[in-house]
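Read the structure below first, then the notes.
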Amino acid sequence: MTLLQLPTIRSTKPKTEKPDATGPEPVVLSAESVEIIGRELDAIRDRVVADLGTADRDYILRVVRMQRRLELTGRALMFLGFLPPAWLAGVAALSASKILDNMEIGHNVMHGQYDWMRDDMLHSSSFEWDNVCPSDQWRHSHNYMHHTHTNILDLDRDIGYGILRMEYEQKWTPLRLGNPLYAFGLMMAFEWGVMLHDLEYDNVLKGKRKWSDVKGLLAGWWGKMRGQVAKDYIVHPALTGPLFPLTFAGNLTANLVRNVWAFSVIFCGHFPSGAQVFTQEETAEETRGEWYVRQMLGSANISGSPFMHLATGNLSHQIEHHLFPDLPAHRYPEIAEEVRALCEEHGLPYTTGPLWKQVANVWSKMFRLALPLSPTPADTPAVLIERRKVTPAA
């Protein structure tokens, strides 16, 4: 039995179009390089896993304490909500609390990043976050569906969340003209969109999934929605008595801030120009190295300060997160330089940029994809992956 190297031929352009002559020639990554990258990334992972310990435990416990203090401060300030500075400070504290709970704590804990601590409070199987999406449903739609099938068309439902056109391979119809409007709605109600993610409503409407298949989701939704709505919009506002409307508005504003922030961070990590998508055929029977390369090519980072990285749950290091989703996220900055150097060594792009630039890039792309336009050179694949294929024995 011999090995035959075959290049994966792919393009982000519709098949009816000719390649744009002004676009850069893609890098062809050899099968040998793919496997070298895989081994080196495995070595990085093994080193970090072997080093996990007290410092990591202390870090996440400090963040939990910070989040709780911010929430208590925000709730307390709402009793002085009749004073505009106190109301604004309360909203800011509650917004920061919800962002920390969802990003650096919830998202990362539910990835199993701290399961090794064997602490029920911070274990992926028992943690519940301040969000209307039940944690078990999120772990399925995100940990399994998204991280297993990252940027694979028709498998990774994070590509557009079932309502947006985020890639040129997604068919254009007149309904796509509302792309930016749909995106704005999803951004403002992002926690609700995340809750509905596992429903796969488009497949239900197409008859590909029966309503009976999703009945199990409804009980989880009802239980989580009831608790979240009661907490933010009934109980805590009622505790402030005559300030009920102000507290209600403050909690609503904090949830909106968290939604806008989470949407922006996640979309900047997945959809800027330069992030590649893949077909099911070209990712079939992936090796470990090929899986790693797909994660790097399909993700983008956000540059910024340590404070910004904390506020994003270190998803500003989206490339490193997709490579090592179950490593504590605060370790990503120390890994990032090695990953970037590895990309440079093999001629791979390492897509990164400041938040404002990535946000502008993503929204510009969403407006372009609302129209039946041709891809720009920046949207063509930067890398073609040469794969090993086993030939039948003679």
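Read-outs: derived from the displayed coordinates by stated rules, not from any lab. Small disclaimer: the values here were computed from a predicted structure and weren't measured. Cβ placement follows ideal geometry from the backbone for every residue including glycine, while neighbour counts extend to all protein chains displayed.
Suppose we keep just the DSSP beta bridges with both residues in the chain; what percent of those would be antiparallel, to 5?
Details: 5 of 12 bridges.
Bridges in the chain are about 40 percent antiparallel.
When the expected Rg is taken as 2.2 N^0.38 Å, what fraction or multiple of it is the alpha-carbon Rg of segment 259-318?
Against the empirical 2.2 N^0.38 Å value, I get 1.30 for segment 259-318.
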- line: Per residue, the convex hull enclosing the Cα atoms of segment 132-273 spans a volume in Å³ of 125 Å³
query: If only Cα atoms are counted, what is the Rg of segment 38-141, and what is its Dmax, in Å?
result: 17.1, 60
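What does the charge count near H346 come to, summing +1 for each Lys or Arg and -1 for each Asp or Glu among other residues with Cβ under 11 Å from its Cβ? Before the final figure, lay out the partial values.
On the way: positive: none; negative: E32, E40, E344, E345.
That sum, taken over residues with Cβ under 11 Å, equals -4.
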field: Part-to-part distance (alpha-carbon centres) for segment 60-127 and segment 319-337, which is given in Å
entry: 22 Å
field: Qualifying aspartates and glutamates (Cα of each under 15 Å from Cα of K365; at least 8 residues distant if same chain)
entry: E167, E169, D379
Cα centroid of segment 160-226 to Cα centroid of segment 229-251, whole Å: 29 Å
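What does the C-alpha gyration tensor say about the overall shape of segment 141-195? Classify as rounded when a/c is under 1.5, otherwise prolate if a/b is larger than b/c, or oblate. Let's see the in-between values first.
Details: a/c = 3.15, a/b = 1.20, b/c = 2.62.
Here segment 141-195 falls in the oblate category.
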query: Span-like helices, the chain: DSSP H, alpha-carbon axial extent 27 Å or more, mean Kyte-Doolittle -0.5 or greater, which ones?
result: 31-51, 54-77, 244-270
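Please work out whether segment 159-238 counts as rounded, prolate or oblate from its C-alpha gyration tensor, where a ≥ b ≥ c are the square roots of the eigenvalues and a/c under 1.5 means rounded, while otherwise a/b larger than b/c means prolate and anything else oblate? Write out the running numbers ahead of the final one.
Details: a/c = 3.65, a/b = 1.49, b/c = 2.45.
Oblate is the answer for segment 159-238, as a/c is 1.5 or above yet b/c matches or exceeds a/b.
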- prompt: Which three semi-axes in whole Å describe the equivalent ellipsoid of segment 285-329, each the square root of 5 times a Cα gyration tensor eigenvalue, listed largest first?
  reply: 24, 11, 5
Sum of -39500 (n - 2.57) over DSSP H runs of 4+, divided by residues of the chain (222 nm, nearest 500): -15000 deg cm²/dmol
Under 5 Å, built H, 5+ apart or other chain: amide partners of G353: N301, I302, S303
field: Radius ratio Rg over Rh of the chain, counting only Cα atoms, Kirkwood formula for Rh
entry: 0.99
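I need the shape label for segment 252-394. Rule: rounded when a/c is under 1.5, else prolate if a/b > b/c, else oblate, with a, b, c from the alpha carbon gyration tensor.
Details: a/c = 2.07, a/b = 1.39, b/c = 1.48.
Since a/c reaches 1.5 but b/c is at least a/b, the shape of segment 252-394 is classed as oblate.
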Among T279, P237, Y350 the positive-end extreme of the charge dipole of segment 198-352 (Cβ point charges): P237
- prompt: Taking K206 as the anchor, which aspartates and glutamates have their alpha carbon closer than 19 Å to its alpha carbon, excluding any fewer than eight residues away along the same chain?
  reply: D154, D156, D158, D198
query: Quick one: what does P(r) look like for segment 198-294 with 10 Å bins over all Cα pairs, in whole %?
result: 12, 20, 28, 26, 11, 4, 0
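Strictly greater than 14 Å: what percent of every Cα pair in segment 218-270 meets that?
Numbers: 872 of 1378 pairs.
Within segment 218-270, distances greater than 14 Å cover 63 percent of Cα pairs.
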query: With contacts defined as alpha carbon pairs under 8 Å and 6 or more residues apart, what's the relative contact order of segment 233-374 in percent?
result: 25 percent
